[in-house]
Amino acid sequence: MSDYPETYRYTKEHEWVAVDGDTGTVGITFHAQKELGDIVYVDLPRAGTKVEAGKSFGSVESVKAVSDIYSPVTGEVVDINADLADGPEKLNEDPHGAAWLVKIRLADMGEVETLLSLEDYLAYIEA
Amino acid sequence: MSELLKTPLNAAHRALGARMVDFGGWDMPVQYTGIIDEHTAVRTAAGLFDVSHMGEIEVRGPQALELVNYVTTNDASKLAVGQVHYSGLMYETGCFVDDILVHKVSDAEYFLCVNASNQDKDFAHIEQWRREKGFDCEVVNRGPELAQIAVQGPKAIQILQKLTKTDLAAIKYYWFADGEVSRERARIARTGYTGEDGFEIYVAPEQAEARWRELLAAGEEFGLKPCGLGARNTLRLEAGMALYGHEIDASITPYEAGLGWIVKPAKGEFLGSDVLARQKAEGVKRKLIGFEMRGRGIGRDGYEIRVDGVAAGWVTSGGPSPTLGKNIGFGYLPVDKAVAGTAIEVVVRSQAVEAVAIPTPFYKRAK
């Protein structure tokens with residue numbers, strides 16, 4: 001499904017974040033998985049890892065190549081999507097939903113406001 | 001940045017929704033529906049590939065054989081008219097200018113299929129040695145005058161047979177026939193780069209799009225899928241076939257690459273023959289191995305290989321094998337370590353991951 005949720009915020013590196021309270025759920029976009037092709041591995045940080053906005057916290061590997069995943073926000077990883085270890089192809093199927101990557105406790109709630117809105121992101125990928 | 005080169009099928013790929021990439025200066029489809037999907041189609045049914053970026057060079061004249069045999073490792077004097085063999089185009093160093101297919105058209109004409117990104121270099125190299133040695137023949141770069149379409153897979157023969165009167169069953173593996181496809185001239189070779197049965201068809205560029213569409217239509221009932229360079233790479237990797245710029249290049253000899261079978265010293269002197277004779281007598285210092293990942297990760301081009309915790313070699317190609325469900329690859333190791341069964345580690349993003357050297361090809365089709 002290629003629906004891009006209106007409530008998510010996006011990055012130019014093709015990640016999204018959905019904020020609920022002080023926690024942000026992070027994933028990669030439909031556009032990102034399409035560019036990558038068949039995804040075969042997902043490397044994620046452990047819970048407890050401190051991540052920084054704009055810095056790589058893991059990688060996604062497709063048949064063709066490896067790509068870094070950049071954290072959209074600063075904070076601490078509080079949960080990871082364990083289903084992706086055995087089912088990386090879920091990232092191709094439902095990147096905006098069931099195939100979220102990590103949940104991050106946000107260090108700075110204001111940071112999210114600096115990210116792209118849906119409208120800006122779609123304009124960016126269509127440019 | 002200079003303009004990307006386009007094959008005559010560029011518009012057809014875009015119309016099919018292919019994802020296009022810059023491949024050595026060519027605007028080529030990397031995938032249509034997905035690499036694994038396309039890969040599986042070739043192993044179980046058939047796939048259609050645009051390989052028009054590949055180069056073609058003709059060597060014609062009374063001493064065509066002498067020139068071909070001088071610049072390549074295999075012995076073209078053993079070819080019958082209509083036969084094809086794999087060979088190495090050599091520097092005087094005994095290393096690869098390119099790996100090529102040599103087709104014998106007649107006693108005075110040989111047709112070479114060469115790698116896309118090497119075609120200008122190959123042509124200049126062959127032409128230089130023609131002049132140097134004064135062989136009575138001409139070398140013609142036919143790349144721009146030919147498109148090439150590959151139909152590969154167990155159903156390839158049935159699909160192509162719908163469009164040609166040439167009896168395809170009569171063409172043996174690594175032989176070719178000049179005939180017609182859809183009543184237009186075509187050179188039909190039973191060759192390929194996938195490890196499956198199949199054909200590579202050479203046609204005039206202005207005919208390419210019509211042949212592509214007809215083949216897609218003819219193959220529909222057999223499950224034929226258009227395939228991009230992504231699947232072409234995973235297929236050749238499983239089949240244990242070398243890719244120039246990875247397993248072989250201007251610093252690698254055929255013996256190191258496990259391609260001693262394409263070197264025929266008995267034919268007499270050729271470029272690099274003295275170096276290769278010495279290397280054969282003394283033995284190689286490093287050798288290409290196949291490996292299979294045991295731990296989680298994929299060894300990719302350029303990654304370090306360790307043996308007993310010490311850096312020992314490097315990966316030349318690697319990726320998932322859709323057919324085998326494993327992660328496989330090729331790499332170079334010192335000859336004493338380049339033995340099937342040797343436990344190795346591949347350094348995947350600063351993590352040493354367990355792997356083991358295994359024999360190649362990784363995949364062999366049932367005959």
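The values are calculated or read from the model by the stated rules, or taken from the named source; none is laboratory data. The shown structure was predicted, so the numbers you read here are calculated from the model rather than taken from an experiment. Neighbour counts run over all protein chains shown; Cβ positions are idealised from the backbone, glycine included.
Odds and ends about this structure:
- Taking the stretch A:10-41 as the range and being within 26 Å of residue B:17 (Cα to Cα), away from every other protein chain (no Cβ under 11 Å), among the acidic types (Asp, Glu) and surrounded by fewer than 20 Cβ atoms within 10 Å (Cβ to Cβ) as the test, only A:13 passes.
- Qualifying residue in the stretch B:273-294 (condition: over 30 Å from residue B:76 (Cα atoms) and within 14 Å of chain A (Cβ to nearest Cβ)): yes
- The lone exception for residue A:77 - which of (1) in contact with a Pro (Cβ under 7 Å, 6 or more places away or on another chain); (2) part of a loop (DSSP other than H, G, I, E, B) it fails: (2)
- Of all the listed residues (B:177, B:170), the sole one being surrounded by fewer than 16 Cβ atoms within 10 Å (Cβ to Cβ) and over 21 Å from residue B:209 (Cβ atoms) is B:170.
- Candidates B:67, B:101: the one that is more than 14 Å from chain A (Cβ to nearest Cβ), hydrophobic (A, V, I, L, M, F, W, C) and not in a strand (DSSP E or B) is B:67.
- Residue under evaluation residue A:112, criteria (1) assigned to a strand (DSSP E or B); (2) farther than 27 Å from residue B:349 by Cα, criterion not met: (1)
- Residues located in the stretch B:186-225, provided they are small (Gly, Ala, Ser), in a helix (DSSP H, G or I) and either over 19 Å from residue B:43 (Cα atoms) or in the same structural domain as residue B:81 (by TED's automatic domain parsing) (or both): B:208, B:210, B:217
- Filtered by the rule that a residue be of a type outside the set (A, V, I, L, M, F, W, C) and either part of a loop (DSSP other than H, G, I, E, B) or buried (at least 19 other Cβ atoms within 10 Å of the Cβ) (or both), the stretch A:42-57 gives A:43, A:45, A:46, A:48, A:49, A:52, A:54, A:55.
- With respect to the stated conditions, residue B:56 fails to be surrounded by fewer than 18 Cβ atoms within 10 Å (Cβ to Cβ) and either at pLDDT 95 or above or out of contact with any Gly (no Cβ under 7 Å at 6 or more places or on another chain) (or both).
- Cβ-Cβ distances below 6 Å connect the following pairs, each with a first residue in the stretch B:1-20 that is farther than 21 Å from residue B:203 by Cα, a second residue that is of a type in the set (A, V, I, L, M), and a separation of six or more residues or different chains: B:19/B:30.
- Yes/no for residue B:306 being surrounded by fewer than 23 Cβ atoms within 10 Å (Cβ to Cβ) and either assigned to a loop (DSSP other than H, G, I, E, B) or within 14 Å of chain A (Cβ to nearest Cβ) (or both): no
- Contacts under 8 angstrom Cβ, first residue in the stretch A:111-127 being over 15 Å from residue A:35 (Cβ atoms), partner part of a helix (DSSP H, G or I) and modelled with pLDDT of 95 or more, 6 or more apart: A:116/A:124
- Scanning the stretch B:1-35 for residues that are under 22 Å from residue B:122 (Cβ atoms) and in contact with a Lys or Arg (Cβ under 8 Å, 6 or more places away or on another chain), we see that the one that is surrounded by the most Cβ atoms within 10 Å (Cβ to Cβ) is B:26.
- Top-ranked residue in the stretch B:13-70 [being touching a Ser or Thr at 6+ places or on another chain (Cβ under 9 Å) and among the hydroxyl-bearing types (Ser, Thr, Tyr); ranked as nearest to residue A:35 (Cα to Cα)]: B:40
- For the stretch B:226-255, residues that are outside any helix (DSSP H, G or I), crowded, with 23+ Cβ neighbours inside 10 Å and not hydrophobic (A, V, I, L, M, F, W, C) total 5.
- Pairs with Cβ under 8 Å, 6+ apart, first in the stretch A:60-79 and within 12 Å of chain B (Cβ to nearest Cβ) and under 10 Å from residue A:15 (Cβ atoms), second of a type outside the set (Gly, Ala, Ser) and not in a loop (DSSP other than H, G, I, E, B): none
- The set of residues in the stretch B:70-96 that are crowded, with 21+ Cβ neighbours inside 10 Å and not in a loop (DSSP other than H, G, I, E, B) comprises B:70, B:71, B:72, B:76, B:84, B:87, B:88, B:89, B:90, B:96.
- Qualifying residue in the stretch B:328-335 (condition: modelled with pLDDT of 95 or more, surrounded by 19 or more Cβ atoms within 10 Å (Cβ to Cβ), touching a helix residue (DSSP H, G or I) at 6+ places or on another chain (Cβ under 8 Å) and within 14 Å of another protein chain (Cβ to nearest Cβ)): yes
- For residue B:38, the conditions (1) away from chain A (no Cβ under 14 Å); (2) closer than 25 Å to residue B:173 by Cα; (3) crowded, with 21+ Cβ neighbours inside 10 Å all hold with the exception of (1).
- Residue among A:100, A:16 that is of a type in the set (A, V, I, L, M, F, W, C) and assigned to a loop (DSSP other than H, G, I, E, B): A:100
- Taken as a whole, the condition of being outside any strand (DSSP E or B), polar (S, T, N, Q) and not assigned by TED's automatic domain parsing to the domain that holds residue B:233 applies to residue B:323.
- Considering (1) over 24 Å from residue B:30 (Cβ atoms); (2) within 14 Å of chain B (Cβ to nearest Cβ), the lone condition that residue A:89 does not fulfil carries the number (1).
- Test for residue B:232: is it charged (D, E, K, R), at pLDDT 95 or above and either out of contact with any Lys or Arg (no Cβ under 7 Å at 6 or more places or on another chain) or more than 21 Å from residue B:113 (Cβ to Cβ) (or both): yes
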